[in-house]
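For reference, the structure is listed below as structure tokens.
We did not get these values from a lab; they are worked out from the coordinates using the rules stated. Bear in mind that the values here come from a model prediction, so they are computed numbers and not experimental data. Glycine also receives a Cβ, built like all others from the backbone with ideal geometry; neighbour counts cover every protein chain displayed.
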Amino acid sequence: MIQFLASVTGPQEALIASRSGADIIDLKNPADGALGAVAPDVLAETIAALAGEKPVSAVAGNCPMEPAAVLAAVEARRAADFVKIGLFPAAPAATRAVIEALAEIAGATRLVAVLFADAQPDLALVETLAKAGFAGAMLDTLDKTSGGLLKHQSPASLARFVRSARDNGLMTGLAGSLEAPDVPRLAGLSPDYLGFRGALAASGRAGALDGDNVAMIADLIRRANQAASHEASIKPVVTAAKAFADTETEGDLIFVRDFVQELEIGAYGHEYGRRQKVRFTVEARIDPIPDDARTMADIYSYDVIIDAIRALAEDGHTVLVEKLATALATTLKRDKRVQKVRIRVEKLELGPGAVGVEIVR
Ligand SMILES: O=C[C@H](O)COP(=O)(O)O
């Protein structure tokens, strides 16, 4: 179940966020960069106002990567359920010294490290964080004018981050100028939470929190959670292509046509170590789109299909186009709204025309 972390400036916004559907109330000063902190007394007032309604996290602030400075900032915010600590760009030894120093208090305070997707994050630090006793790790963006998380990290790289953090027993979060269309795309990666500020403010990231925006994101996350199915609910394989035509009047169709992606594919020796163009055409029979669909919350996004195709290209060499097609089908059918898929995969560089396969699942 993915949770919704909303960044707020103090007690008033905290109550709006909580009552509009946020799951984790995160205190920060958005006017002071990515991880601007609020004063400890604002943290205390917010905890009092929420009276246990929701867990509270607090950022330690824009601290230099010096153990004493970071420890002091974290100590001052120990009243929070979680303290978020930015691993700002610094020499690797400085970052490791900070993590080691925090290990001393990790038993008493739940620490979440924030790595920055737009500042060459060292994702291998996940293991070090786990050994130091951190409770979680998240990715955010440092420069809030540099675009959203998915501009800086591909879905496949984010998936690797989430998997490695989880394998190391860490709670995982994704954030960074996220907007409504990012929710279904990131939900497929199953982080523990998605974090927002800019999309919740009425005008600009530092503007006041808007309860309607909070409710809209909460609704999107709730629906993404509903759509995520488990292995047990994956529908049985349909072997006859006819089955797709049989359901042509049931549900609606979403498609991605002639999407060309370069990837490593083929069984011949000369096909190894280089990428070649492969064309994907995907039709997905989905539950009927509501007539009053107005927002991302109401639909199944074709971005999800495109991300899944791009992720295949990051999986290393694949011998068979059949494997690409079946892997894509399995990924897409994890969403409960997808009833059936027709997937055509064509290699474009073997001759004057195309060769490939089409499957229905
Ligand atoms: O922790 C989450 C952040 O507050 C996200 O802020 P943002 O959505 O403005 O990048």
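Miscellaneous remarks
- Considering only beta bridges that DSSP places wholly inside the chain, some 45 percent are antiparallel.
- Sorted by Cβ neighbour density within 10 Å, fewest at the top, the residues Thr109, Thr9: Thr109, Thr9
- q = 0.09, 0.13 Å⁻¹, the chain: log10 I(q)/I(0) [Debye, one scatterer per Cα]: -0.56, -1.02
- Loop-located chymotrypsin sites (Phe, Trp or Tyr not before Pro) in segment 56-134 (DSSP state not H, G, I, E or B) with no more than 12 neighbouring Cβ atoms inside 10 Å do not occur.
- Amide H contacts under 5 Å for Gln3, placed H, 5+ residues apart: Tyr193, Leu194
- Inter-centroid distance (Cα atoms) of segment 25-98 relative to segment 246-321, Å: 40
- Placed amide H near Ile265: partners under 5 Å, 5+ positions off or other chain: Gln276, Thr318
- Annotation: amide H of Ile289 within the under-5 Å range of Asp252, sequence separation 5 or more or interchain, hydrogens built in the peptide plane.
- Normalising the average separation of contacting C-alpha pairs (under 8 angstrom, six or more residues apart) by the number of residues puts the relative contact order of the chain at 13 percent.
- Helix-only [θ]222 nm of the chain, DSSP H runs n ≥ 4, -39500 (n - 2.57) each, per residue, nearest 500: -9500 deg cm²/dmol
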